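Enquirer: A single structure is presented below for examination.
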Amino acid sequence: LPTIAIVGRPNVGKSTLFNRLVGKRLALVDDRPGVTRDRREGDASLLGLEFRVIDTAGYEDEDPDTLPGRMRAQTTAAVREADAALFLIDARAGVTPLDEEIGRWLRSETTPVILAANKAEGRAGESGLLEAWSLGLGEPIPMSAEHGEGVVDLFEHIRPHVEREEAREEEEYAEDENDRPLKLAIVGRPNAGKSTLINRILEEERLITGPEAGITRDSISIDWEWQAPDGRLRPVRLIDTAGMRKRAKVQDKLEKLSVADGRRAVEFAEVIVLLLDATLGLEAQDLRIADYVLQEGRALLIAINKWDVAENHSQLFQGISAALQDGLSQAPGVPLLSVSAMTGKGLDQLLEAAFKVREVWSRRVSTGQLNRWFEAAIERNPPPAPGGKRIKLRYITQVNTRPPSFVIFGNRLEMLPDSYLRYLTNGMRKELDFGAVPVRLQTRTSK
Ligand code: GDP
């Protein structure tokens, strides 16, 4: 994960900022004696941007006027390890000799530095902010950790560092993406054929290794490898379904897959297959499950089972397809397939579609491509101008994948109607090929 180290002399507000960034998500504080004794690290979230943050406050000595060796060594290690150092000064106090010393040291390090002048709420920090330029570390960001001010500015300065590191990590990771097990869950109403489908998949001769049933604290899963039509072996992890429980002989008191059960499966899976019964068609409960899956940001596939006993195939398929268009208007075009758990028909296509949809779900669009699309979309259909003043959309950035999540920056965004956001989301689906994968779009007003 991209890492940001917060540095600065005592009392500039490092811990306040750390707490604000990490919130309730404070990860385990490493309290092994010795080296890392005082290290505070946590998973931060800033307007959807996710990174790891290290608070170096713990390295401080009692004497606030010196930069003692111990603090220096620990802080140096944290800064070298980080993708950027967030150097905090106190805007009200201005630049002190100790700030200058830290500034000199940071300039001699290769880690990029983001300079922020904290406690700048109101006008109190104006002169300190000007002084901060003298540190030679670029433009200081005025902010208030205590009052949550300067968040957008901070976001914009941290983002490039997080993205750079993410891109690097993704490159590393992309090489073995296909070796990462596809976490798949099959949900649906009782008797849709979930158990039959799973057993069928697991019995196919193409199944080279496994299956091995694993029971972890939170879910039950089976790992196996699917031989794709191109001959490649691709790992799959089937998660928490009633069918597996029968197989894993831990059924006992557990009932058949209920909606509540399905919820748990959804939590742990990347791709969810909603299984319908061809002899019953699409019902309200199916739509509720589908809706839940999408709300949870998971990739969804819908498979019509018992195709072997279905009648009027094309009429049936079209009917269900049309009902889905109406019923799942928030994600038009969810892939719909027909299968038979009994005969094995359509299973390869189902797995192939599952791998494909995971790829889209995990995809990152380059900032350039994203903003070219964004500008064209705005030009084609400009946002409204309530009260004669146009809403300004400045730029868009992808803050996350799995599911793909975006933030739009601009002005007067609180006035932006939902219909316009839907216009943009639909555009993304079609023109950036996100298809029916759930796409999250948020807006932030920048100053
Ligand atoms: P679950 O409750 O979703 O796990 O459903 P089951 O797998 O227990 O299946 C319910 C019933 O549907 C059983 O009688 C299965 O034999 C039957 N069934 C499941 N899949 C198919 C299929 O593809 N074709 C046919 N004809 N019957 C199926």
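No value in this document is a laboratory result; all are computed from the given coordinates. Since this is a predicted model, take the numbers as computed values, not measurements. Positions of Cβ are backbone-derived with ideal geometry, glycine not excepted, and every protein chain shown enters the neighbour counts.
Enquirer: At q = 0.12, 0.13, 0.16, 0.23 Å⁻¹, what is the log10 ratio I(q)/I(0) for the range 103-197, with the Debye formula run over Cα points and no solvent?
Expert: Cα-only, vacuum Debye calculation for the range 103-197: -0.62, -0.66, -0.81, -1.16.
Enquirer: Sticking with this structure for a sec: Between their Cα atoms, which of LYS194/LYS356; LYS194/LYS430; LYS356/LYS392; LYS183/LYS392; LYS306/LYS356; LYS183/LYS345 are more than 29 Å away from each other?
Expert: Beyond 29 Å: LYS194/LYS430; LYS356/LYS392; LYS183/LYS392.
Enquirer: Rg(Cα) of the range 347-407 divided by 2.2 N^0.38 Å?
Expert: Working: Rg = 16.6 Å, N = 61, 2.2 N^0.38 = 10.5 Å.
Ratio of Cα Rg to 2.2 N^0.38 Å: 1.58.
Enquirer: Next question. Could you give the radius of gyration (one decimal) and Dmax (whole number) of the Cα atoms in the range 98-137, in Å?
Expert: Rg then Dmax for the range 98-137, in Å: 11.2, 34.
Enquirer: By counting other Cβ atoms within 10 Å of each Cβ, how are PHE87, PHE51 ranked from fewest to most?
Expert: Placing the least packed residue first, the sequence is PHE51, PHE87.
Enquirer: Given just the C-alpha atoms of the range 367-445, how large is their convex hull per residue in cubic angstrom?
Expert: 82
Enquirer: For the range 367-445, what is the charge dipole size about the Cα centre, in debye to the nearest 20, if Lys and Arg each add +1 at the Cβ and Asp and Glu each add -1 at the Cβ?
Expert: Dipole size: approximately 160 debye.
Enquirer: Which percent, nearest 5, of DSSP beta bridges in the range 367-445 are antiparallel?
Expert: 55
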